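Visitor: The structure is given below, and queries will be raised subsequently.
The values are calculated or read from the model by the stated rules, or taken from the named source; none is laboratory data. Please read these numbers as outputs of a predicted model, since none were measured by experiment. Methodologically, a virtual Cβ is constructed for each residue, glycine included, from the backbone with ideal geometry; neighbour enumeration extends over all protein chains shown.
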Amino acid sequence: MTEIIINNIQKNYKDKKVLKHISTKFEPGKIYGLLGRNGAGKSTLMNLISNREFPTSGEMTINGETVTENEKSQAHIYLSSEKNYFSKDFKVKKIFKSAESFYGEFDWDLATKMIDRFGLDINSKIGGLSTGYNSITKLIIALCLPVDFIFLDEPILGLDANHRDLFYEFLMETYATRPRTFVIATHIIEEMEKIFEHIILIKNGEIIDDGDVEDLLNSSVMLEGDSEKIAAIEDNFNVFYKHSFTGISKLYVKNKVDEAQLPEGISVNKLNLQEYFVGRTN
Amino acid sequence: MYFKFDERTPLYLQIADQIESAILKGIYKKGQQIPSTTEISKEYRINPATVLKGMNILVEKNLIEKKRGLGMFVTQNSQDEILEDRQATFYQDYVLKTVEVAKELNLSLEELQELIERGYQND
Amino acid sequence: MKLVANVKDRLVNSLKPLVIFYGFYLFFALLTPFIVSMLIAHENVVGSPTGVIFPSFIYAAIIGMLMVTLRFNNSIQFGSSRKTIFISYQINSIVVSLILAILNIVFTEIMNNISWLNMTSSVIDNLYKVNNVSFEILVFSFVLFLLSISIGSLSGLLFKRLKKITLMFLGAALVFIPMVLGYIFSVLPQSAKLAVFDFFGTILGLQGKNIWAPVLTLLVICLIFNFISWLVIRRQPVK
């Protein structure tokens, strides 16, 4: 099966190094969370993979062939990003048809269901849609194209809670019906945690975590207790985040810890993905 | 099924646990089909791989079985086995904790016993 | 598949403005002289000395500019390579130029048959002595429009790509370099001046009234501009 291999990618803008030796891979049929703070490099990486921009150095391949300027490769890749590249005066219906003419296929069954449940008026011009319905239009396109690797950059911008929930439902359904890879870059981590199978965490242009959600969360814990007691044991652990509040401290550590082995008064808690993320990227 | 998504237990274990509870309560009876991975995944917005992992634990414990092309079904002895299993861990999971809290609150053994009796009568 | 989708996209975006252009032109070309001739004696009313071909030339440049600025990002988003997009630009240019050339001839011919209007470009007429309805004019117009689209495209691409400062310098250069060249020319010795005249005379086919010379010249310039356009497009980012 095909996978996308990213090998030592570097991207500079003038003097600024936005991506520094990024290496990873995207396997078929998995849902990835691509996490990182604003400006970390997530969008840039996805732009490079989808042939929107050129890397300064390094290679990205799918099936051994480069993704850059290669239509055969790009037929497997689709990026839906924050910016709108559709002509503002095009009606939604026309955009769907245009997508179909470029890819030869479009899942009209799924599209119809989504249009109906989201309440999208496909006769409106995309320029006149709200941010939310803009996002919904882009989501429908992304989910209905015959592409194996779908990259979504902040897909739920402007979506209200109900629509977000609906998106997750459709995502899970289409993923089950037609398993393919989704790589989702988002800041809304808490809601999407259960959807991700694998996480890639980017900080300052480098990948600092690249693993299954479960493995990452199992390999770290939060120690909480009296500040003095915490300070006393701090050096025994691989601390990546500390936070104190009126005499109580929290330590995020990259260790497996047995509560029984800790001094009294210090508790061990598992971190959720959002807490882990904040700790790792602070 | 109700998932609390608390951070203490891995999600796949929670899923296994919740299905077990449902079987214990008789919601899914002997030989009955339980919801598919896809259905649970869609309903609770959980990655199917996680759901599958939880189900596989139950398959290994022989509490549910996979029938090719049909889905997952509750095995004949499932309910009894779960009951036995949980009775065995009852002391560990509930009693010890209750005693610990009771001690923290300075409740004597007799006071605790009284409370337990009251609890049974309240049914 | 991507190439077909791209070409369709480009054609639709080019032919629509074309219809508008000819619609407008027909309307004003017919109406204005008519109104004027109503106010003054109509034997003296003549069409534009450059004919339809000059406004068409300008408009083709605009079509070229629109072609490269519209829907490039969309094509990339839908998986096209810049190479395919460039090829679709070439196909589109050829089709549109051909249509423009034919329409020009037809339009001029129709106008010329309305007695008081003369739409043939008197400039081209005097230089090359060819009939409006001729293979020579067809090819000449075709190449002229190709070049115009080329100029428009390259301008559009550079406008998108270069920083404002660079654009200002480029604009200034385009204005001042001919001035400087003109000055240099004026101080050249007579023999050199003759050589320059000769050169331009040859490539524009002015001596022998040979229209094929400028056809070749314009084609070469067009190819050069297209090549520069390719250099600009091949690394054009989508931001």
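Visitor: Just for segment C:60-71: of the residues that are over 17 Å from C:Leu147 (Cβ atoms) and surrounded by fewer than 22 Cβ atoms within 10 Å (Cβ to Cβ), which one is farthest from the other protein chains (Cβ to nearest Cβ)? Step through it out loud before you land on a result.
Guide: First pass over segment C:60-71, keeping only residues over 17 Å from C:Leu147 (Cβ atoms): C:69-71.
Now narrow it down to the ones that are surrounded by fewer than 22 Cβ atoms within 10 Å (Cβ to Cβ): C:69-70.
Values: C:Thr69: 11, C:Leu70: 7 Å.
So the residue we want is C:Thr69.
Visitor: Right, here's the next one. From the list C:Leu194, C:Leu206, which residue is outside any helix (DSSP H, G or I) and more than 19 Å from the chain's Cα centre (by Cα)?
Guide: Details: C:Leu194 fails: outside any helix (DSSP H, G or I).
Among C:Leu194, C:Leu206, only C:Leu206 is outside any helix (DSSP H, G or I) and more than 19 Å from the chain's Cα centre (by Cα).
Visitor: Name the residue, out of B:Ile15, B:Ile19, B:Ile27, that is touching a helix residue (DSSP H, G or I) at 6+ places or on another chain (Cβ under 9 Å), crowded, with 20+ Cβ neighbours inside 10 Å and more than 14 Å from chain A (Cβ to nearest Cβ).
Guide: Numbers: B:Ile15 fails: more than 14 Å from chain A (Cβ to nearest Cβ); B:Ile27 fails: crowded, with 20+ Cβ neighbours inside 10 Å.
After ruling out the rest, the residue left standing is B:Ile19.
Visitor: Shifting gears a bit: When segment A:139-171 is examined, which residues are found to be assigned to a helix (DSSP H, G or I) and among the β-branched types (Val, Ile, Thr)? Even if it seems obvious, please write down each step before you answer.
Guide: Here is the first cut: in segment A:139-171, the ones assigned to a helix (DSSP H, G or I) are A:139-144, A:161-171.
Selection gives A:Ile140, A:Ile141.
Visitor: Would segment A:176-186 turn up any residue that is part of a helix (DSSP H, G or I), polar (S, T, N, Q) and within 12 Å of another protein chain (Cβ to nearest Cβ)? It would help to see each step written out before you state the result.
Guide: Residues of segment A:176-186 that are part of a helix (DSSP H, G or I), as a first pass: A:176-177.
Those still in the list that are polar (S, T, N, Q) too: A:177.
Filter once more, keeping what is within 12 Å of another protein chain (Cβ to nearest Cβ): A:177.
Yes, because at least one residue in segment A:176-186 is part of a helix (DSSP H, G or I), polar (S, T, N, Q) and within 12 Å of another protein chain (Cβ to nearest Cβ).
Visitor: Go over the candidates C:Val175, C:Val187, C:Val123, C:Val139 one by one and state the one that is among the hydrophobic types (A, V, I, L, M, F, W, C) and at pLDDT below 85.
Guide: C:Val123 is the lone residue from the list that is among the hydrophobic types (A, V, I, L, M, F, W, C) and at pLDDT below 85.
Visitor: Right, next: Looking at (1) of a type outside the set (Lys, Arg); (2) crowded, with 16+ Cβ neighbours inside 10 Å; (3) assigned by TED's automatic domain parsing to the domain that holds A:Leu152, which is the one condition that is false for A:Thr177?
Guide: (2)
Visitor: Can you pull out every residue in segment A:239-282 that is closer than 20 Å to A:Leu35 by Cβ and without any contact (Cβ under 8 Å) to a residue 24 or more places away in the chain?
Guide: Taking segment A:239-282 as the starting set, the residues that turn out to be closer than 20 Å to A:Leu35 by Cβ are A:240-241, A:243, A:252-254, A:270-282.
Listed by number, the list holds a single entry, A:His243.
Visitor: Report whether or not A:Ser98 is in contact with a strand residue (DSSP E or B) (Cβ under 7 Å, 6 or more places away or on another chain), polar (S, T, N, Q) and in the same structural domain as A:Thr177 (by TED's automatic domain parsing).
Guide: On the way: in contact with a strand residue (DSSP E or B) (Cβ under 7 Å, 6 or more places away or on another chain): no; polar (S, T, N, Q): yes; in the same structural domain as A:Thr177 (by TED's automatic domain parsing): yes.
No; evaluated as a whole, the condition is false for this residue.
Visitor: Select from segment A:180-214 the residues that are at pLDDT below 95 and in contact with a Pro (Cβ under 8 Å, 6 or more places away or on another chain) and write down the one among them that is nearest to A:Asn272 (Cα to Cα).
Guide: Here the residue is A:Glu214.
Visitor: Answer with yes or no whether A:Lys256 is outside any helix (DSSP H, G or I) and away from chain B (no Cβ under 14 Å). Can you show your working first?
Guide: Details: outside any helix (DSSP H, G or I): yes; away from chain B (no Cβ under 14 Å): no.
Criteria not met by A:Lys256.
Visitor: Same structure again: Give the residue, chosen from A:Gly265, A:Gly225, that is farther than 30 Å from A:Thr24 by Cα, part of a strand (DSSP E or B) and not aliphatic (A, V, I, L, M). Before you say what the answer is, go through the steps one by one.
Guide: Working: A:Gly265 fails: part of a strand (DSSP E or B).
The conditions single out A:Gly225.
Visitor: Continuing with this model, one more query. State all residues of segment C:1-31 that are surrounded by 13 or more Cβ atoms within 10 Å (Cβ to Cβ) and more than 12 Å from chain A (Cβ to nearest Cβ); if no residue qualifies, say none.
Guide: Of everything in segment C:1-31, those that are surrounded by 13 or more Cβ atoms within 10 Å (Cβ to Cβ) and more than 12 Å from chain A (Cβ to nearest Cβ) turn out to be C:Arg10, C:Leu11, C:Ser14, C:Leu15, C:Pro17, C:Leu18, C:Phe21, C:Tyr22, C:Tyr25, C:Leu26, C:Ala29, C:Leu30.
Visitor: Would you call B:Lys103 within 14 Å of chain A (Cβ to nearest Cβ) and either in a helix (DSSP H, G or I) or closer than 29 Å to A:Phe196 by Cβ (or both)?
Guide: Answer is no for this residue.
Visitor: What are the residues in segment A:91-146 that are within 14 Å of chain C (Cβ to nearest Cβ) and either in contact with a Cys (Cβ under 6 Å, 6 or more places away or on another chain) or touching a residue at least 60 places away in the same chain (Cβ under 8 Å) (or both), if any?
Guide: Matches in segment A:91-146: A:Phe106, A:Ile141, A:Ala142, A:Leu145.
Visitor: Would you be able to say whether some residue in segment A:69-87 is assigned to a loop (DSSP other than H, G, I, E, B), over 22 Å from the mean Cα position of the chain (by Cα) and either among the aliphatic types (A, V, I, L, M) or within 27 Å of A:Asn12 (Cα to Cα) (or both)? Please lay out each step first, then the result.
Guide: In the first step, residues of segment A:69-87 are kept if they are assigned to a loop (DSSP other than H, G, I, E, B); the result is A:69-70, A:75-76, A:81-87.
Within this subset, residues satisfying the condition of being over 22 Å from the mean Cα position of the chain (by Cα) are A:69-70, A:86-87.
Going one step further and asking which of them are either among the aliphatic types (A, V, I, L, M) or within 27 Å of A:Asn12 (Cα to Cα) (or both), we end up with A:69-70.
Yes: segment A:69-87 contains one or more residues that are assigned to a loop (DSSP other than H, G, I, E, B), over 22 Å from the mean Cα position of the chain (by Cα) and either among the aliphatic types (A, V, I, L, M) or within 27 Å of A:Asn12 (Cα to Cα) (or both).
Visitor: May I pose another question? Among the residues of segment B:18-72, write down those that are among the hydrophobic types (A, V, I, L, M, F, W, C), farther than 21 Å from A:Gly29 by Cα and outside any helix (DSSP H, G or I).
Guide: Residues satisfying the conditions are B:Ile27, B:Ile34, B:Leu63, B:Ile64, B:Leu70, B:Met72.
Visitor: While we're on this one: Mind checking which residues of segment A:147-168 are among the charged types (D, E, K, R), out of contact with any helix residue (DSSP H, G or I) (no Cβ under 6 Å at 6 or more places or on another chain) and within 13 Å of another protein chain (Cβ to nearest Cβ)? Show your work before the answer.
Guide: First, the residues of segment A:147-168 that are among the charged types (D, E, K, R): A:148, A:153-154, A:160, A:164-165.
Still in the running and out of contact with any helix residue (DSSP H, G or I) (no Cβ under 6 Å at 6 or more places or on another chain): A:148, A:154, A:160, A:164-165.
If the condition is that a residue be among the charged types (D, E, K, R), out of contact with any helix residue (DSSP H, G or I) (no Cβ under 6 Å at 6 or more places or on another chain) and within 13 Å of another protein chain (Cβ to nearest Cβ), then A:Asp148, A:Arg164, A:Asp165 are the ones that fit.
Visitor: Here's something else I'd like to know. Pairs only if they're at least six apart or on different chains, beta carbon under 6 angstrom, first in segment B:6-30 and among the polar types (S, T, N, Q), second in a helix (DSSP H, G or I); list them, first residue then second.
Guide: none
Visitor: Same structure, new question: Only one of these conditions is not met by A:Thr112: (1) surrounded by 20 or more Cβ atoms within 10 Å (Cβ to Cβ); (2) modelled with pLDDT of 95 or more. Which number is it?
Guide: Condition not satisfied by A:Thr112: (1).
Visitor: With respect to A:Ser219, is the statement that it is surrounded by fewer than 17 Cβ atoms within 10 Å (Cβ to Cβ) and more than 14 Å from chain B (Cβ to nearest Cβ) true?
Guide: Numbers: surrounded by fewer than 17 Cβ atoms within 10 Å (Cβ to Cβ): yes; more than 14 Å from chain B (Cβ to nearest Cβ): no.
So A:Ser219 does not fit the description; no.
Visitor: If a residue has to be without any contact (Cβ under 8 Å) to a residue 24 or more places away in the chain, outside any helix (DSSP H, G or I) and more than 14 Å from every other protein chain (Cβ to nearest Cβ) to count, how many in segment C:209-239 make the cut?
Guide: The qualifying residues number 0.
Visitor: A follow-up question, please. Would you please name the residue that is nearest to the other protein chains (Cβ to nearest Cβ), looking only at residues in segment A:45-90 that are at pLDDT below 95 and surrounded by 16 or more Cβ atoms within 10 Å (Cβ to Cβ)?
Guide: A:Tyr85
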